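*Asks:* Quick one: this structure, given as structure tokens, is what I'll be asking you about.
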Amino acid sequence: MDQEEGLKALDNIVTQFNTYEDFLDSQITTVDLYYLEDETLARQLVELGYRGTGERVKREDFEARKAAIEISRLAERAQQKTLTSAGKDLQDNFLMALAMREEDNRNGKLSSVIFIRDRNSYGQEISGYIDYAHRLKTEDFEVYFSGKKRLLPRTTDISFYNWDADIAVCNSSPNYQVIADNPDGLLFRYKRDRKLLNVDPKAQPGDNSTRIPIPTELYIQAVIFDHISRRKT
């Protein structure tokens, strides 16, 4: 039996029995118990390979594989729980774009800044830039991916502007430092690698950054800026 077949056979045993003792018991016959008259001794003989009706499996191999399978199962459950976009029927390009980036923004492989321009509940035109990774950590996106609410910029985001009320607000986030006094326009400095993100549509977004307009029926305008950190670890 090669290594792959051996591992598959072990997996079948591990998933079939809750404990190593249960596996040993499955290898003991009534005849064994009749002659040995000791269940513990019978288990020991099976474990040593002297008795048994099937393949010998060492205790350490059984328990190590059992633990590995359990860790994998828990990790999968945690992943499914963490990704709020998982299993959602996403009909709009914007929500699909957010879903594609959710995992990488959560684990730090990617940092996305979302620009949204639309109208609020009062009919006022608003726009702003949202630190996606920060928002993911501070609120439940279930309401957005399920379509119960629309993601809109707030006065607490890295940039917010109410065109009708002429209210402009900028805030640095855990990921971005806002540079609002730049003569060439608004800049965001990514704190991990100190690279600048230029959100001017007429300019290049910057090193390791891309600007992607998102066609959407949910908003007047939506753009996602993606930045990949090159900081050495």
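*Asks:* Over the alpha carbons of segment 57-164, what is the largest minus smallest coordinate on each principal axis, giving the biggest first in Å?
*Replies:* 73, 26, 19
*Asks:* Find the all-direction average of the projected area of the Cα convex hull for segment 97-233, expressing the result in square nanometres with one decimal place.
*Replies:* Averaged projected area of segment 97-233's Cα convex hull equals 8.5 nm².
*Asks:* May I pose another question? Which sequence of Asp200, Asp226, Asp181 reflects their accessible areas, 1.4 Å probe, from the largest down?
*Replies:* Sorted descending by solvent-accessible area, the residues read Asp181, Asp200, Asp226.
*Asks:* Let me ask something else. Probe radius 1.4 Å, ligands and nucleic acids left out: which of His227, His134 has the largest accessible area, and how do the rest follow?
*Replies:* Working: His227 5, His134 60 Å².
Descending accessible area places them as His134, His227.
*Asks:* Could you pull out which residues in segment 92-106 have an amide N less than 19 Å from a spot 7 Å beyond the Cα of Arg192, following the Cα-Cβ vector?
*Replies:* Inside the label zone: 98-106.
*Asks:* Quick one: what are the phi-derived ³J(HN,Hα) couplings along segment 157-162, Karplus 6.51/-1.76/1.60 with θ = phi - 60°, whole Hz, x for glycine and proline?
*Replies:* Once θ is set to phi - 60°, the couplings for segment 157-162 become 7, 5, 7, 9, 9, 9 Hz.
*Asks:* Continuing with the same structure: Starting from segment 143-174, pick out the trypsin sites (Lys or Arg not before Pro) whose DSSP state is loop and whose Cβ has at most 11 other Cβ atoms within 10 Å. Show your work: numbers first, answer last.
*Replies:* Details: sites: Lys148, Lys149, Arg150, Arg154; in loops: Lys148, Lys149, Arg150, Arg154.
For trypsin sites (Lys or Arg not before Pro) across segment 143-174 that sit outside H, G, I, E and B with at most 11 neighbouring Cβ atoms in 10 Å, the list reads Lys148, Lys149.
*Asks:* Provide the solvent-accessible area of Tyr190, counting protein heavy atoms only and rolling a 1.4 Å probe, rounded to the nearest 10 Å².
*Replies:* 10 Å²
*Asks:* Let me ask something else about it. Solvent-accessible area per residue for segment 77-131 at a 1.4 Å probe radius, Å²?
*Replies:* Result: 51 Å² of accessible area for each residue.
*Asks:* May I ask you to rank Phe17, Phe188 by accessible area, largest first, using a 1.4 Å probe over the protein chains only?
*Replies:* So the residues, ranked largest to smallest area, are Phe17, Phe188.
*Asks:* Which of Lys88/Lys109; Lys109/Lys148; Lys148/Lys202 have a Cα-Cα distance over 32 Å? The partial results should precede the final answer.
*Replies:* Values: Lys88/Lys109 23 Å; Lys109/Lys148 28 Å; Lys148/Lys202 34 Å.
Distance filter (> 32 Å) returns Lys148/Lys202.
The values are calculated or read from the model by the stated rules, or taken from the named source; none is laboratory data. Everything numeric here is computed off the predicted structure, so don't read it as measured data. Glycine also receives a Cβ, built like all others from the backbone with ideal geometry; neighbour counts cover every protein chain displayed. To get the accessible areas, we keep the full protein, side chains included, count just its heavy atoms, and leave off ligands, DNA and RNA. Shrake-Rupley method; radii C 1.70, N 1.55, O 1.52, S 1.80 Å.
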